[in-house]
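> Take this structure, written in structure tokens, and hold onto it; I'll ask about it next.
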Amino acid sequence: MNIKKRISNFIKYIRTKNLMVERRKHALPILTGYKSLKPLTSQQKKEIKDYWHDISGSDKLWFDMRYYEMFNDLCDDPSQLKYYIPDDFYYCYIDLFLADDHYGRKFDDKTLYELYFPEVKHPMTIVRRSRECLLGHDYQIIDIEQAVKLCHEAGSIIFKPSLVECGGKSIRFWEVKDGDDRLRQLLNNRHYVIQTLIEQHEQLAKIHQDSVNTIRVLTLLFEGRVHVISTILRMGANGSKVDNGSSGGICCGILPDGHLRPYARTLNGQIFDQHPQGLKFDGFAIPEYEKICQLACQMAPRMQEISRLISWDFTVDSSGDPVLIEANLYYGGCNIHQFCNGPIFGNMTDSVLRYVFKHNPMLAKR
């Protein structure tokens with residue numbers, strides 16, 4: 001190996017180590033914010049450690065064991081406890097390995113979704129900004145006065161950062177009555193899309209009409225196939241305009257047949273058998289669920305050089321068409337999937353973990 005390659009590998013190794021430290025810090029609030037950790041019995045500890053020893057060939061603990069106290073509280077089937085993946089391990093050794101953080105940050109750009117994924121419906125973008133240029137829906141340069149005019153014609157708009165964004169905290173809404181000063185302030189930001197509001201399917205609106213409620217589909221490209229490994233419905237609550245769990249939303253697991261599970265959860269572990277606005281979850285059918293999963297599987301392979309683990313956010317509009325809201329090419333989250341659906345890789349857990357321990361260089365250095 002020549003000296004340039006050695007230097008390049010060393011720089012990549014240090015960068016990855018720094019990212020792992022950062023990701024562990026970001027994962028910790030899920031653990032510390034959980035309502036009630038349930039201590040493990042000595043037998044449970046032994047089963048968990050034996051399982052990871054068998055998978056890794058090492059007695060080293062690769063994660064904070066307290067995560068299993070959280071899983072122990074929410075796990076319905078004690079025999080499945082050892083198959084849960086601690087958040088710190090998932091983000092540091094699985095997501096960071098299967099999804100390239102560096103290229104993910106560059107390519108996960110909402111201004112380009114219509115070019116990446118032309119076969120699916122998107123929210124109508126009227127203005128987008130990348131660096132210094134304002135662009136119209138057709139990717140042609142416009143000036144700020146044209147952008148203001150387009151926003152006025154739309155009447156009501158949503159402003160979304162187009163690059164790195166977590167939790168929906170930077171999303172803003174604007175209506176004509178809010179005035180041009182605020183609009184121009186939004187337009188002076190960098191890297192964003194401005195879209196018209198989606199009129200969601202009447203079934204989804206029944207849950208919570210003030211937010212666009214979304215179906216998150218987690219796909220894994222593994223052993224030459226795209227697998228849908230977990231799906232959840234994310235819902236706003238109590239008048240919130242966004243459905244993100246970190247912004248007060250609640251999430252409910254979706255069964256393989258497209259019906260909701262009986263219970264929904266928040267990120268702190270609170271359980272609901274019905275939405276705060278009244279709808280019962282048990283038996284509720286997600287419209288166009290099969291088509292949504294098919295679209296996610298169809299689009300996933302083209303991004304494999306960037307990510308093999310993608311979190312897709314869809315809704316369904318009033319015409320009954322699936323609409324792609326977002327494609328999280330990296331750092332897509334595992335906690336709420338496991339809260340709602342159990343071990344994230346299900347019956348693939350052994351295979352996925354063995355593959356990661358064999359091929360992830362950060363684990364091979366053990």
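Just so you know, all these numbers are worked out from the coordinates, no wet-lab data involved. Since the structure is predicted, the reported quantities are computational estimates derived from the model, not experimental observations. Cβ placement follows ideal geometry from the backbone for every residue including glycine, while neighbour counts extend to all protein chains displayed.
> With the cut-off at 1.5 for a/c, could you classify the range 15-134 from its C-alpha gyration tensor as rounded, prolate or oblate?
Details: a/c = 2.65, a/b = 2.21, b/c = 1.20.
Cα axes put the range 15-134 in the prolate bin.
> Okay, moving on. Using the crude model of +1 on Lys and Arg Cβ and -1 on Asp and Glu Cβ, and no other charge, please compute the dipole size for the chain relative to its Cα centre, in debye to 20.
Numbers: 47 positive and 45 negative charges, 359 e Å.
About 1720 debye.
> What does a probe at residue 163 reach in the range 305-332, counting residues whose amide N is under 20 Å from the point 7 Å along Cα→Cβ?
306-307, 326-332
> Projecting each Cα onto the charge dipole of the chain (Lys/Arg +1, Asp/Glu -1 at the beta carbon, about the Cα centre), which of 91, 205, 215 comes out farthest on the positive side?
Comparing the listed Cα positions along the dipole, 91 ranks first.
> Taking only C-alpha pairs under 8 Å that are 6+ residues apart, what is the relative contact order of the range 219-304 in percent? The partial results should precede the final answer.
Details: 138 pairs, mean separation 20.7, N = 86.
Taking the mean separation of contacting Cα pairs over the length of the range 219-304, I get 24 percent.
> Let me ask you something else. Estimate the FRET efficiency between residue 28 and residue 170 by the formula 1/(1 + (r/R0)^6), using the beta-carbon distance for r and 22 Å for R0, to the nearest 0.05. Numbers along the way, then the final one.
Working: r = 22 Å, r/R0 = 1.01.
Working from the Cβ atoms, E equals 0.50.
> Between 311, 269, 253, whose Cα lies farthest towards the positive end of the dipole of the range 243-329 when Lys and Arg beta carbons carry +1 and Asp and Glu beta carbons carry -1, centred on the Cα centre?
269
> Which GluC sites (Glu not before Pro) from the range 190-290 combine a DSSP loop assignment with at most 16 other Cβ atoms within 10 Å?
Values: sites: 199, 202, 223, 288, 290; in loops: 199, 223, 288.
Within the range 190-290, the qualifying GluC sites (Glu not before Pro) (loop, at most 16 other Cβ atoms within 10 Å) are 199, 223.
> Right, next: Just to verify a number: FRET efficiency for residue 115 and residue 238, C-beta to C-beta distance, R0 = 25 Å, to 0.05? Working shown, then result.
Working: r = 37 Å, r/R0 = 1.47.
E(calc), rounded to 0.05, equals 0.10.
> For the range 190-231 and the range 112-177, what is the separation of their C-alpha centers, rounded to whole Å?
18 Å
> With n ≥ 4 as the cut-off for DSSP H runs, can you work out [θ] at 222 nm for the chain, using -39500 (n - 2.57) per run divided by the number of residues, rounded to the nearest 500?
Value at 222 nm, helices only, nearest 500: -10000 deg cm²/dmol.
> Can you tally the net charge around residue 348? Count Lys and Arg as +1, Asp and Glu as -1, for every other residue whose Cβ sits under 14 Å from the Cβ of residue 348. Intermediate results must be reported in sequence, preceding the final value.
On the way: positive: 225, 308, 354; negative: 223, 350.
Charge balance near residue 348 sits at +1.
> What FRET efficiency comes out for the pair residue 5/residue 149, r = Cβ-Cβ distance, R0 = 51 Å, nearest 0.05? Spell out each step's value before the answer.
Numbers: r = 53 Å, r/R0 = 1.04.
E between residue 5 and residue 149, to the nearest 0.05, is 0.45.
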